[in-house]
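Shown next, in structure tokens, is the structure this report addresses.
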Amino acid sequence: MEGKKLLMIVGDFGEDYEMMVPFQALQAVGHEVDAVCPDKDADDTVKTAVHDFRGDQTYLESRGHDFTLTKAFDEVDPADYDGLVLPGGRAPEYLRTRDEVVETVRHFADEGKPIAAICHAAQILAAADVIKGRTCSAYPALRTDVEDAGGEYYDGVTADGNLVTGRDWSDHVEWLSQFLDVLGTTVEHERTATVDD
């Protein structure tokens, strides 16, 4: 099966694992992923933040990596892409205020194309008005945001039609698995000989 062309919208202080892991994992199974950020060009970087869960009332945040963009936001046409990936972290709180981001998300929703959103990316989904009447997961502190946008909050990974959502990076395995299912991706394993064979 031919790989899909996927768009990932990121921004400064997006969650490190939620950017790096899907970006690499989706490419590892044969998909092409373009990472873009408003007001930045190809080969520019965004700073990431690592969110760790250590039993406090909320997550601990520390500086992550620099994540390199593959294209400029204004160079991409959403119509050229088969699916959308929206990482979480702090970036969604300001990305949701950008008309071009909201319009891009609406394109994918209106066309029924697969959308994978995790953690605080629900803020972008809410701003794009694509949650109403749907089941949606997010970081638990965003339950009210999901419900205020007309969605039904789910505490785990969920796929509601073309929309696949998860709570945070600890959901990666199931979240990416369900997104691959929605994309129609099949992964086949071939056993290779080992020294013991």
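Quick one: which residues, 5 or more positions from Gly89 or on another chain, have an amide H under 5 Å from its amide H? H modelled 1.01 Å from N in the peptide plane, none for Pro or chain starts.
Here Glu15, His120, Ala121 satisfy the definition.
Order by neighbour count: Ser177, Ser170, Ser62, Ser137, fewest other Cβ atoms within 10 Å first, most last.
Least crowded to most crowded, the residues run Ser62, Ser170, Ser177, Ser137.
Counting other C-beta atoms within 10 Å, and keeping those with at most 14, which DSSP coil chymotrypsin sites (Phe, Trp or Tyr not before Pro) do you find in the stretch 47-133?
Of the chymotrypsin sites (Phe, Trp or Tyr not before Pro), the ones in loops of the stretch 47-133 whose Cβ has at most 14 other Cβ atoms within 10 Å are Phe53.
Where does the stretch 96-140 land on the Kirkwood hydrodynamic radius, alpha-carbon pairs, in angstrom?
On the way: mean 1/r = 0.0938 Å⁻¹.
It works out to 10.7 Å.
Amide H to amide H, which residues 5 or more places from Ala42 or on other chains are under 5 Å from it, using H placed in the peptide plane?
Ala72
How large are Rg and Dmax for the chain when calculated on the C-alpha trace, in angstrom?
Radius of gyration, then largest Cα-Cα span, for the chain: 16.5, 58 Å.
Using the Karplus curve 6.51 cos²θ - 1.76 cosθ + 1.60 with θ = phi - 60°, what ³J(HN,Hα) values do you get for each residue of the stretch 10-27, in whole Hz, with x for Gly and Pro?
The phi angles translate into 10, x, 4, 6, x, 5, 3, 5, 6, 9, 5, 5, x, 4, 7, 5, 5, 5 Hz.
Relative contact order for the chain using alpha-carbon pairs under 8 Å, separation at least 6, rounded to a whole percent?
18
Starting from the amide H of Gly64, placed 1.01 Å from N in the peptide plane, find each other amide H under 5 Å away whose residue is 5 or more places distant or on another chain.
Thr48, Ala49, Val50
Looking at the stretch 149-197, which GluC sites (Glu not before Pro) are in a loop (DSSP not H, G, I, E or B) and have at most 10 other Cβ atoms within 10 Å?
Listed in order of number, the matching sites are Glu188, Glu190.
Taking other Cβ within 10 Å of each residue's Cβ, how do Trp175, Trp169 sort, fewest first?
On the way: Trp175 28, Trp169 24.
Ordered by Cβ neighbours within 10 Å, fewest first: Trp169, Trp175.
Considering only DSSP states other than H, G, I, E and B, which trypsin sites (Lys or Arg not before Pro) in the stretch 47-87 qualify as loop sites with at most 10 other Cβ atoms within 10 Å? Intermediate results must be reported in sequence, preceding the final value.
Values: sites: Lys47, Arg54, Arg63, Lys71; in loops: Arg54, Lys71.
Hits after loop and neighbour filter: Arg54.
Using the number of other C-beta atoms within 10 angstrom as an exposure proxy, rank Asp12, Asp155, Asp168 with the fewest first.
Numbers: Asp12 17, Asp155 10, Asp168 22.
If I rank by nearby Cβ atoms, fewest first, I get Asp155, Asp12, Asp168.
None of the figures in this text is laboratory data; all of them are computed from the coordinates on show. What you are looking at is a predicted structure, and each value in this text was computed from that prediction instead of being measured. Heads up, the Cβs are rebuilt from the backbone with ideal geometry, glycines too, and the neighbour counts pull from every protein chain shown.
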